[in-house]
Structures are given as structure tokens and as C-alpha cells.
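Read the structure below first, then the notes.
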Amino acid sequence: MKVLVINCGSSSLKYQLIDSETEQVLAKGICERIGIDGVLTHKPTGKTPVKLQTAMPTHTTAVSLVLEQLTDKENGVIASLDEIGAVGHRVVHGGEKFASSVVINDEVMAQVEACNDLAPLHNPANIIGINACKELMPNVPMVGVFDTAFHQTMPKEAYMYGLPYEYYEKYGVRRYGFHGTSHSFVSKRTAELLGKKPEELNVIVCHLGNGSSISAVKGGKCVDTSMGLTPLEGVPMGTRSGSIDPAIVEFIANKENMDVHQVLNVLNKKSGVEGVSGVSSDFRDLDNASKEGNERAAIAVKMFSYSVAKYIGAYAAAMNGVDAIAFTAGVGENDGVVRAQICSYLGYLGVVIDDEKVYQRGVEQEVSKPESKVRVMVVPTNEELAIARETVALL
Ligand code: AMP
């Protein structure tokens with residue numbers, strides 16, 4: 001079956017067409033500046049990429065342009081839309097309602113809408129993407145795959161905050177966690193690479209990208225994760241602060257004459273390694289600046305690595321031991337400096353790193369030595385393939 005995977009944002013829409021039998025990507029691309037002007041970058045596998053600047057007033061227009069490209073005589077990869085057997089949609093927040101992927105129907109749409117409060121920037125955009133696809137492909141089954149679903153197995157002691165219980169009951173204030181599709185994919189793949197079943201392993205997955213989260217996966221099930229009610233909690237990220245003393249919000253609001261919304265904007269968009277370094281949110285820039293002697297860039301990277309190492313320690317304790325640590329996503333897969341720094345804190349766990357492999361970029365491999373008590377792995381994530389697999393499994 002050919003599965004169209006859609007990841008829809010407020011002004012962008014990423015897509016991949018995947019052949020589920022061969023797991024090959026037939027084409028992928030992105031529509032950007034939807035509602036502003038419109039740019040479509042379409043990359044058909046084995047053919048020349050196409051860049052189109054064309055009006056995209058709505059997401060429906062964007063999806064319609066994508067479908068045109070997929071079936072185009074020159075740039076296309078399928079003869080007709082009938083070849084698309086299903087659409088898999090990334091949905092950011094499934095609240096407590098969705099512990100797994102679901103076939104989308106009217107009832108599901110209403111429940112996803114009910115989660116909008118929890119992810120006001122993301123869920124409404126995901127819903128717009130689903131509706132646009134439904135309009136243009138009314139007879140194609142659609143599946144929703146939630147970023148939060150994998151984390152729904154967390155026990156209550158891991159997901160409750162130390163707040164008045166009524167906030168949980170009335171408003172659903174609790175830890176949900178994000179990047180679940182990636183944590184699920186990478187923890188399973190880690191087990192596969194180690195020749196074990198997921199049930200046999202305690203794995204700590206470090207999804208380190210522009211947004212970063214760590215999760216504790218015990219016997220294949222998530223028991224804790226670093227992001228919370230929103231993706232702001234946890235380690236410092238590209239531009240997000242991660243966990244801070246909550247009293248800082250009022251303190252900065254008073255000092256800088258800001259309201260809570262403005263402070264939260266700073267915590268989401270101007271903090272993290274960019275805020276500390278004053279250089280960039282991109283770890284490539286930070287590594288280069290550090291090499292050139294920029295102290296703030298160096299401390300930003302070290303602060304990040306230290307914070308990840310502390311979560312690893314916490315999750316090793318939460319699971320009463322850890323068999324494997326997996327690094328994934330943009331930084332986790334590519335940045336050897338960060339991986340080596342994090343592992344330098346893990347000697348007490350019996351981690352022994354291979355000093356060459358730990359610096360190799362983007363290779364799926366074990367980077368610990370045979371004598372290491374904990375296996376340290378680099379496992380590239382593939383959220384689109386995970387969504388396509390979920391979609392086919394459900395249908
Ligand atoms: P993601 O959010 O998973 O797409 O990751 C994006 C981040 O990965 C970028 O902001 C970079 O900081 C980081 N990244 C990508 N390639 C490299 C690299 N070669 N070395 C270090 N960091 C990288």
C-alpha cells in the first residue's frame with residue numbers, strides 16, 4: 001500500500017509518500033508560507049526536485065498542489081490518486097484520550113478538537129490538515145498518530161505535578177510528553193539492533209534536536225519522559241528554556257515590564273542554548289563558535305550535555321537500571337561533541353565509549369566498547385516511516 005504521511009503546521013505542511021511494502025520513500029516535500037504567498041518544494045525520489053512559488057491561500061490548496069505534483073506526468077511518482085491507499089497524520093496532542101493511533105472519524109475529530117486547549121499552536125493546524133485531505137480524498141482512510149500516545153503508559157507518580165489535584169481533574173494539568181512516535185520507533189529499533197525483544201530491555205532514549213526530550217522505556221513501555229504538559233519542560237533546547245524555577249516567570253515579568261504571555265514567549269523562543277550563547281540555536285554553529293574560543297557558546301553546549309546526563313541518571317534510577325542508551329534526532333545523530341560530553345558523566349554506570357565511533361556522524365551503530373556495562377547506540381529516527389507503519393497496521 002502507498003501511504004501519504006502528513007505533518008501539518010500553521011503555515012507549513014510536510015509530506016512523504018511511502019510504499020509500505022518496500023518502506024521506500026517515493027517522494028517527499030514541504031509547502032511553506034501557506035496563507036502568506038506559498039512555496040512548494042517537491043522531491044520525487046530519483047527525479048529532479050521541483051520548487052514552485054505559487055499562491056497557497058489555504059491548506060486545501062496546498063494539499064491539492066501536493067497531489068498534483070505526486071501525479072504529475074514529469075515530476076510525479078504515481079499514475080493516479082487511486083494508488084494512495086491511506087493517509088497518516090501526525091497529531092501533536094492526544095491528551096489522555098489517545099493511548100494509541102486511531103482511524104479518523106467524526107468522533108475522533110471531536111476528541112482531537114477537545115485537546116486544542118493543551119496544544120493551541122499545534123492541534124488546530126493538525127485538524128486543518130486532516131480536513132484538507134478529507135475534502136480532496138473523501139474515500140481514502142485516514143489515521144491519526146499522536147506525539148503523546150507512547151507516553152500514556154507512564155505511571156501516575158511520573159505524570160502528576162505537585163499541584164492542587166483539582167487542576168489535574170478540571171483541566172488535565174499533568175505530564176504528557178512529546179516526540180512519542182520517535183521514542184517508540186527508536187526504542188524498538190534499539191532492541192532489534194541488540195538482538196533482544198523490547199520487553200527484555202530498559203532503554204533511555206535521548207531525542208536531541210531543536211526540541212529535545214528524554215524518555216525511560218522499561219520493557220518496551222514508556223515509564224517517564226522529560227517534556228510535560230507542553231514541550232517547554234525538560235532539558236534546555238535550541239530556543240526553549242527547559243525546566244526552570246517557576247518563580248522566574250514573575251521575577252522577569254516585573255523586572256522587564258512584561259506580562260506572562262510575553263515571558264512565556266521568551267522561554268519558548270529566545271532561551272535555551274541560543275539564549276545562553278547569544279550565537280545560535282544550531283549546534284553546528286555552537287560547536288564552531290566554541291572551537292573559536294567563544295565561552296558562552298561552550299557553556300551553552302556543556303549546560304545542555306550536563307542536563308541530558310542528569311536525566312539519564314534519574315531514569316536509570318527510575319527503572320532500577322539501564323541496559324541501553326540511544327541517541328537520536330538532529331543533534332543526537334550528528335553531534336559527536338555532545339554525545340562524548342554526555343557520556344563523560346556516565347562512568348558510574350559502567351559506560352565505556354569507543355572514542356572514535358562516538359564522533360562518527362549519522363551512522364546507525366553502537367558507540368560503546370564491548371566491555372561497556374550499558375550499550376550506547378546512535379539510532380537515526382524516522383517518524384514518517386513510523387507513522388506509515390502505524391497507519392498500515394491499523395487498517
Ligand atoms: P531536528 O530538530 O531533529 O531536525 O534537529 C535539528 C538540529 O540538529 C539543528 O538545529 C542542529 O543543531 C542539529 N544538527 C544537525 N546536523 C548537525 C551536525 N552535523 N552537527 C551538529 N548538530 C547538527
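The values are calculated or read from the model by the stated rules, or taken from the named source; none is laboratory data. None of these values were measured; they are calculated from a predicted model. In this analysis, Cβ positions are derived from the backbone assuming ideal geometry, glycine residues included, and neighbour counts consider all displayed protein chains. Just so you know, the surface numbers come from the protein's heavy atoms only, side chains and all, with ligands and any DNA or RNA stripped out. Shrake-Rupley method; radii C 1.70, N 1.55, O 1.52, S 1.80 Å.
Before moving on, here are some points about what is shown:
- Residues in the chain average 46 Å² of solvent-accessible surface per residue, probe 1.4 Å, ligands and nucleic acids excluded.
- Building the convex hull from the alpha-carbon atoms of the range 118-162 and averaging its projection over directions returns 4.4 nm².
- Using 0.36 nm per residue and subtracting the Cα-Cα separation, the extra length available between Asp82 and Lys197 on full extension is 37.7 nm.
- Dipole magnitude (debye, nearest 20) for the range 276-395, charges at Cβ of Lys, Arg, Asp, Glu: 340
- Residues of type aspartates and glutamates that Lys197 reaches as a straight line, Cα spacing below 16 Å, ignoring anything fewer than 8 places off in the same chain: Asp323
- Within the chain: Cβ-based charge dipole about Cα centre, in debye rounded to nearest 20 (Lys, Arg +1; Asp, Glu -1): 480
- Links that overshoot a 18 Å alpha carbon limit, given the list Lys156/Lys221; Lys270/Lys310; Lys196/Lys218; Lys2/Lys28; Lys196/Lys373; Lys97/Lys134: Lys270/Lys310; Lys97/Lys134
- Stretch gain in nm, segment Met1-Ala99, where the contour uses 0.36 nm per residue and the Cα spacing is subtracted: 32.8 nm
- Extension gain for Leu163-Met109 works out to 16.4 nm (0.36 nm per residue, less the C-alpha to C-alpha distance).
- Summarised as an ellipsoid, the chain has semi-axes of 33, 25, 23 Å, derived from the eigenvalues of the Cα gyration tensor scaled by 5 and square-rooted, with the largest first.
- Antiparallel DSSP beta bridges within the chain, as percent of all bridges there, nearest 5: 70
- Packing-based order for 115-125, 376-386, using average beta carbon neighbours within 10 Å, highest first: 376-386, 115-125
- Length-normalised contact order of the range 61-214 in % [C-alpha pairs under 8 Å, at least 6 apart]: 22
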